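As structure tokens, the structure follows; a few thoughts come after it.
The values are calculated or read from the model by the stated rules, or taken from the named source; none is laboratory data. Computed from a prediction, not measured in an experiment: that's the story for all the values here. Positions of Cβ are backbone-derived with ideal geometry, glycine not excepted, and every protein chain shown enters the neighbour counts.
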Amino acid sequence: MRTTEPRRPTAPASSDGDVLLDVRDLAVRIGPAEIVNGVSFSVPRGGTLGIVGESGSGKSMTVLAATGLIDSPPARVSGQSLLDGQDIVTMDPRQLRGVHGRRVGFIFQDPSTSLNPVLTVEQQLTEAPRFHLGLTRRDARRRALELLEAVGIPDPPSRLSSYPHQLSGGMKQRVMIAVALACDPELLVADEPTTALDVTTQAQILERVKELQESRGMSVIWISHDLGVVSGIADRVAVLYGGQIVESAPLEELFTDPRHPYTRGLMAARPQTAHGKGELAVIPGSPPDPKHLPQGCLFWDRCPVRGDPRCETERPPETPVGPEHVVRTFNGGDADGTDRRGGTR
Amino acid sequence: MSSPETPSSDRLAPGAGDGRTGPVPGPAEPAETPEEVSRTGTLRMLVSNKVTAAGLVILVLVVLLAVLGRWIAPYGANDIDVVNALQPPSGAHLFGTDELGRDVFSRVVLSARISLTVGLVAVGIALVVGVALGLVAGFFGGWPDTVIMRSADVLFAFPILLLAMAIVAVLGPGLTTAMIAIGVVYTPIFARITRASTLAVREELYVKASQAVGASDGLILRRHVLPNIMGPITVQTSLSLAFAILSEAALSFLGLGVQPPEPSWGRMLYDAQAFIYDAWWMSVFPGLAIFLTVLAFNLVGDGMRDVLDPRQRTADEIRRSA
Amino acid sequence: MSSPLLRFLVKRLLHTVVVLFGVLVVVFALLQLVPGDPVRVALGTRFTQESYDALREASGLDRPLLVQFFAYIGNALTGNLGVSFRSGEPVTLILLDRLPATVSLGLAGITIALLIAFPLGTWAALRRGSAADGGIRAVSQFGVSVPDFWLGLLLIIVFSTMLGLLPPSGYVPFTEDPWGWLQRVILPGLAVGVVSGSIMTRYVRSAVLDVVGSHYVRTARSKGLPRRTVIGRHVMRNALVPILTVAGVQAATMLGGLIVIEVVFAWPGLGRLVFDAVAARDYPVVQGTVLLIALIFLLINLLVDILYAVVDPRIRVS
């Protein structure tokens, strides 16, 4: 893989035991496509990592590969993803089954297609606890009721026998969250869970996940194309572009002192309302084709700065610009944070 | 080719009543986008798929047999030679001889013309009538649509062979009857496909725009609708040819199609039944000829579908059409 | 029963009734379309004025067309399909006599088709792009293209003539001699089942492929469930919905195949009956058989609709 810095500046300086998931130099290829290109990050126990990028940035692939939910083959995954020190990348299917649903729960983007249309809520909600925890039908049912209550579904007993098509989008996503939390996972992966929902529902879901995270001490990886959504939940944000982390920092720092031109573009594209539907397309152009990645900086063709002669020929390395802040650019990476935009063009 | 339109809810319909020619959703795996198609050219794309190319090769061979059969066949179709009756395959008789000493190879070769003719004429009838009815139904809607499509539903309720048999029962057996019967039976399939494609096109903005500026129905049909249905229709034509040939063979096998002395594959199999214990070659070779011809049309049809009609029939579309 | 299901079923039932009416029109028209006088044609060399008059009156052909039509429909609805031109027997009785043989062969054929289509189609889909997938697709393409009657002949040559394993033809009712029935049903059942099974294999494959790529199957996998639970519970149940749809449509192919296969194997069912009747120009029997087979097709499709509602809650409950 191209990025082989031995150090992992993205990981907070915490080599002690409170790191739950530690991803090192993860790469994913499918055929000739280089979809994830050396991503390293870590998720502290009880903490929330936001992963931001536009569609095609490889954010979902990164997290699905890190959690072993990618089909391999056809995908080829390299690097490490340590869950409490055990590498998910090298796990066999049986070991993965012990992780999925049990230690890591998942919520996906579109609640209307993510639930099985021919099974009742109860059937979908109880199968993981019955399998992983060996609960009886009766216990699993009781647990399902508690879960529905916990995710804020009114009248849980009557909802157990509902089919997905009888629920609204927001209700479906709450059921998905209940499914993901059914076995008390240590990590919740939320892959754009609010994108398909209206703004009000989006806010409610976000609040609910935050509450559940705090009450359960669970870690969360929240994937979104919307910095605004992520700002409502994450402690730390990684910005992905072309399958690489271009910038990673604690939430406040990223907002007050964005260093990468792409991050700045995302900021500019963000509407002022915190939970508004931000459109990232304001940065002209589209992400690089993973089958034909450029030799130099992956952002080069869309970059408004491009000040450095190395931009077109070299990939910028991850550069620390603060104790927990790294950026991958030749422009704006200075520790003093000078905006060099004006000087170069 | 214009971009494929959203298939209407009738996607499954073309297959109804004849699952064999129906849109088999599985093999429709569009590997290319329409843009790529127009760039590389349909034929090149067809040939680039090895399986389709094999189908094309067989097809060309069958057509050559049909055209040049008279010069290829070493004997006449009805050269009787009782002394050499029921001879197994040999140098003199590649596929052996039948109960009258006729050369099975020659008869297989000479039957190609009949089978292809029946298939082409029958599908030609179905194509012309079906497309016309489908255009009327899809473009004008209203009661013509209801009448045409309900009639298609009714025809679909009969198994193809049974309907063809019933028509033969009425009109009497023979080559012409067989062509008419098979043509009638395959008409609803073309009507349904055409209607579905027409409905989809009719809703397009550019068609509405043409109508708004006063383009005549005829112009809209020629300019917008026909080009759009060409893909699915071409595919269906190839697949229907395969099954029209199968239907003709079945009818002739039942003694209701091509009548002696004209040789035909189905009829040869009918005759072979009486000698099934003594002369396997009488059963094997004519059947192999039918099989290969049908296979060739199927392979080419499937290949064309991937190129010309690349919309995926998702489970959802099938479900909606129910 | 909740109301959406009821509404769905009523809608399908009404559609069936409309189509059935059309079927009756077609079947009635068959006799009218015969060029010349069908009774004269039917009697052929057996023509005598007495038999002609008797037949003509028995079949009501001397009455005006509309009267005949409504009489035909009225009679058909009460189970009276006229009398055979050839034997003078009531057509309904002849049909009932032949029905069990066809049903038993049809069931054998469907069983074989399903035994082929489900495992192979699912297997191919789950190993998409593999050699097994390619092989299954090739074999099913062959199966779709093979003439069923030729397959029947080949089966007789191989299993009866060459290996001497199974009887080449004939029929014993299941109720009289199950073992004898089974021996005789295997070859014709295979001839029908292989073709239908090949077609269905392709549908099963694509239906399973669609479902395997769906989001809810990803959800099921994200729960860490065993593979067989994911496939059995989440994939197959959903794939069944589109598969059922084509199964109903396939019934027509199957019924068509039965006709010619019954002729090959001397199986005394409806196919053999209509074959003989067409040859003898016994029009009432042709009409009756065509009507009955179309009715069976419509009933199968109605049954499929009901199964459909059982499998898919979106139809059952709102």
Legend entry - Among (1) in contact (Cβ under 8 Å) with a residue 60 or more places away in the chain; (2) within 12 Å of chain C (Cβ to nearest Cβ); (3) among the charged types (D, E, K, R) - the single one A:ARG130 does not satisfy: (1)
Inset, instruction - Collect the residues in segment B:83-122 that are β-branched (Val, Ile, Thr) and surrounded by fewer than 21 Cβ atoms within 10 Å (Cβ to Cβ), keeping them in residue-number order. - result: B:VAL83, B:THR117, B:VAL121
Legend entry - Options A:LEU135, A:LEU197, A:LEU147; residue that is farther than 26 Å from A:ILE51 by Cβ, away from chain C (no Cβ under 11 Å), crowded, with 17+ Cβ neighbours inside 10 Å and at pLDDT below 90: A:LEU135
Legend entry - Criterion violated by A:SER215 - all others in (1) surrounded by fewer than 23 Cβ atoms within 10 Å (Cβ to Cβ); (2) of a type in the set (Ser, Thr, Tyr); (3) modelled with pLDDT under 85 satisfied: (3)
Inset, instruction - Kindly list, by first and then second residue, each pair from a residue in segment B:95-120 that is modelled with pLDDT under 90 to a residue that is of a type in the set (S, T, N, Q) and outside any helix (DSSP H, G or I), limited to pairs with Cβ atoms under 7 Å and residues at least 6 apart or on different chains. - result: B:GLY96/B:GLN87; B:THR97/B:GLN87; B:ARG102/B:ASN78; B:ASP103/B:THR97; B:VAL104/B:THR97; B:SER111/B:SER264; B:ILE114/B:SER264; B:SER115/B:SER264
Legend entry - Any chance C:PHE149 is buried (at least 17 other Cβ atoms within 10 Å of the Cβ), more than 8 Å from every other protein chain (Cβ to nearest Cβ) and either in contact (Cβ under 8 Å) with a residue 12 or more places away in the chain or under 28 Å from B:LEU299 (Cβ atoms) (or both): no
Legend entry - Hey, A:GLY56 in contact (Cβ under 8 Å) with a residue 12 or more places away in the chain, over 17 Å from the mean Cα position of the chain (by Cα) and at positive phi or not: no
Legend entry - When residues of segment B:203-225 are limited to those that are charged (D, E, K, R), in a helix (DSSP H, G or I) and out of contact with any Phe, Trp or Tyr (no Cβ under 8 Å at 6 or more places or on another chain), the one farthest from B:MET304 (Cα to Cα): B:LYS208
Inset, instruction - Hey, can you tell me all the residues within segment B:226-284 that are more than 10 Å from chain C (Cβ to nearest Cβ), among the polar types (S, T, N, Q) and either buried (at least 24 other Cβ atoms within 10 Å of the Cβ) or assigned to a helix (DSSP H, G or I) (or both)? - result: B:ASN228, B:THR234, B:GLN236, B:THR237, B:SER238, B:SER240, B:SER252, B:SER264
Inset, instruction - For C:LEU126, indicate whether it is more than 14 Å from chain B (Cβ to nearest Cβ), among the aliphatic types (A, V, I, L, M) and surrounded by fewer than 24 Cβ atoms within 10 Å (Cβ to Cβ). - result: no
Inset, instruction - List the helices (runs of 4 or more DSSP H) that sit entirely inside segment C:104-212 and contain at least 3 residues that are among the small types (Gly, Ala, Ser). - result: C:131-145, C:178-212
Inset, instruction - Could you check segment A:15-79 for strands (runs of 3 or more DSSP E) lying wholly inside it with 2 or more residues that are among the basic types (Lys, Arg)? - result: A:19-30
Inset, instruction - Considering each of A:ALA281, A:ALA269 in turn, give the residue that is at pLDDT below 75, under 21 Å from A:GLU54 (Cα atoms) and surrounded by 13 or more Cβ atoms within 10 Å (Cβ to Cβ). - result: A:ALA269
Inset, instruction - Considering each residue of segment C:21-49, count those that are farther than 16 Å from C:GLY60 by Cα and within 8 Å of chain B (Cβ to nearest Cβ), and give that number. - result: 5
Inset, instruction - State yes or no: is B:VAL154 within 29 Å of C:VAL286 (Cα to Cα), out of contact with any helix residue (DSSP H, G or I) (no Cβ under 6 Å at 6 or more places or on another chain) and within 14 Å of another protein chain (Cβ to nearest Cβ)? - result: no
Inset, instruction - Would you mind stating whether C:ILE315 is at pLDDT 85 or above and either surrounded by fewer than 23 Cβ atoms within 10 Å (Cβ to Cβ) or within 12 Å of chain B (Cβ to nearest Cβ) (or both)? - result: no
Inset, instruction - Could you look through segment C:252-277, keep only residues that are free of Cβ contacts under 8 Å to residues at least 24 places away in the same chain and surrounded by fewer than 24 Cβ atoms within 10 Å (Cβ to Cβ), and pick out the one that is farthest from the other protein chains (Cβ to nearest Cβ)? - result: C:ASP276
Legend entry - Which listed residue, of C:VAL241, C:VAL274, is under 30 Å from A:ALA180 (Cβ atoms) and assigned to a helix (DSSP H, G or I): C:VAL241
Inset, instruction - Output the residues belonging to segment C:49-88 that are assigned to a loop (DSSP other than H, G, I, E, B) and closer than 25 Å to C:VAL18 by Cβ. - result: C:THR78, C:GLY79, C:ASN80, C:LEU81, C:GLY82
Legend entry - Long-range neighbours under 7 Å by Cβ, at least six apart or interchain, first residue within 17 Å of A:LEU181 (Cα to Cα) and more than 7 Å from chain C (Cβ to nearest Cβ) within segment A:107-125, second of a type outside the set (A, V, I, L, M) and in a loop (DSSP other than H, G, I, E, B): A:ILE107/A:PRO193; A:GLN109/A:GLU192; A:GLN109/A:PRO193; A:GLN109/A:THR195; A:VAL121/A:SER162; A:GLU122/A:SER161; A:GLN124/A:ASN116
Inset, instruction - Tell me, yes or no, whether segment A:87-102 has at least one residue that is more than 14 Å from chain C (Cβ to nearest Cβ) and without any contact (Cβ under 8 Å) to a residue 12 or more places away in the chain. - result: yes
Inset, instruction - Determine, yes or no, whether C:VAL290 is facing another protein chain (nearest Cβ under 10 Å) and at pLDDT 85 or above. - result: yes
Inset, instruction - Could you tell me whether any residue of segment C:198-207 is among the basic types (Lys, Arg), more than 14 Å from chain B (Cβ to nearest Cβ) and surrounded by 24 or more Cβ atoms within 10 Å (Cβ to Cβ)? - result: no
Legend entry - Among the candidates B:ALA169, B:ALA164, B:ALA191, B:ALA178, residue that is farther than 30 Å from B:ASN228 by Cα, more than 12 Å from chain C (Cβ to nearest Cβ) and surrounded by 24 or more Cβ atoms within 10 Å (Cβ to Cβ): B:ALA178
